[in-house]
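S.K.: Quick one: the structure is below, questions incoming.
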Amino acid sequence: MARIKVGQKLKSKPAAAKSKAKKSKPAVKAAKPIDLYYWPTPNGFKISIMLEECKLPYNLKPVNISKGEQFNPDFLKISPNNRMPAIVDPAGPGGKPISVFESGAILQYLGRKTGKFYPSDERGRVEVDQWLFWQIGGVGPMAGQVHHFKNYAVETLTYAINRYVNEVNRLYGVMNKRLADRDFIAGKYSIADMSLIGWINGWEKQGQDINEFPHLKAWIERMKARPAVKRGMELGLELRQNVDMKDPKVQAVLFGQRARTG
């Protein structure tokens, strides 16, 4: 290619040459980022992992649950249950904004939106859905109760601790057996795996010995080797560094709420 000297004028192309010149393609508009209302917890990790896996742009909107920010009126309009995570997608169905709350619903929505990690065929989708809801209805609530009674409760309730530690142990056994002949819970890597890793990663705090579940242990290693999972589970960890879960004010916000009227 000839170099242009300083001060040298470029000669214009003949009209015929100009007509043959390729027309520049219109610029593709960058996707508008999704607003992610989030706090670094196992439920929050589900969505940060999915956004990272799908390479979707997003704005982090921290919701400090230890300070009660989940009860702000503006957040209530997005999440009627006063719980994070939640998202607002400015490019929702029909190109109009949509808000979605509840982690399972968000995962399904993003799976349909992107066509990733959530099968389009009914048989495959049912396979993923049943394990997704197994996490939402079983692993999450039971492990959450272990965390509460074992690590946060102001008094030691042996019956409650044993009750939930044993149930989590049973659920780990179900998952370990399921993973004996497959790499991921629904066969292929999916939103069901994303929903589980944040909870299962806390096995030590749940009173479990992961070495009793070799297939589950191998699954954890596969999951945490994924760069997007690593990024998703590291998102915002610094936000909760100075939160004292034994602080009575924090516990009153997290564990002492009753129905609100008006």
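Bear in mind these aren't lab numbers, they're just calculated from the coordinates by the rules spelled out. The structure displayed is predicted, hence computed values, not measured ones. Note: ideal-geometry Cβ built from the backbone for every residue, glycine included; neighbour counts use all protein chains shown.
S.K.: State whether region 75-116 is rounded, prolate or oblate according to the following rule on the C-alpha gyration tensor (a ≥ b ≥ c being the square roots of its eigenvalues): a/c under 1.5 gives rounded; otherwise a/b larger than b/c gives prolate, and the remaining case gives oblate.
M.R.: The shape class here is oblate.
S.K.: Moving on. Using a basic spin-label model with each label point 7 Å from the Cα along Cα→Cβ, how many nm lie between Lys230 and Ala91?
M.R.: 2.8 nm
S.K.: Which Cα, out of Leu36, Met175, Pro57, lies furthest along the positive dipole direction of the chain (beta carbon charges, K/R +1, D/E -1)?
M.R.: Pro57
S.K.: Could you please state, rounded to a whole Å, how far the C-alpha centre of region 134-153 is from the C-alpha centre of region 178-208?
M.R.: If we compute the Cα centre of each part, the gap is 15 Å.
S.K.: In nm, give the distance between the simple-model label positions of Met245 and Ala259, each being 7 Å from the Cα along the Cα-to-Cβ direction.
M.R.: Distance between label points: 2.9 nm.
S.K.: Just the Cα atoms of the chain, one point each, no solvent: what log10 I(q)/I(0) does Debye give at q = 0.10 Å⁻¹?
M.R.: -0.58
S.K.: Further question: Between Ala218 and Asn162, with labels modelled 7 Å along Cα→Cβ, what's the label distance in nm to one decimal, could you check?
M.R.: Spacing of the two 7 Å Cα→Cβ label points: 3.4 nm.
S.K.: Calculate the dipole size of the chain relative to its Cα centre from +1 charges on Lys and Arg beta carbons and -1 charges on Asp and Glu beta carbons; express the result in debye to the nearest 20.
M.R.: 2440 debye
S.K.: Can you say what percent of the DSSP beta bridges in the chain, counting only those with both residues inside, are antiparallel? Round to 5.
M.R.: Rounded to the nearest five, the antiparallel share is 60 percent.
S.K.: Given Lys113/Lys205; Lys32/Lys224; Lys67/Lys224; Lys188/Lys230; Lys55/Lys205, which pairs have Cα atoms separated by over 24 Å?
M.R.: As for pairs spanning more than 24 Å Cα to Cα, those are Lys113/Lys205; Lys32/Lys224; Lys67/Lys224; Lys55/Lys205.
S.K.: Still on this structure, please answer the following. Tell me the net charge near Val146. Cut-off is 10 Å between Cβ atoms, Val146 excluded, with +1 for each Lys or Arg and -1 for each Asp or Glu.
M.R.: Computed value for this residue: +2.
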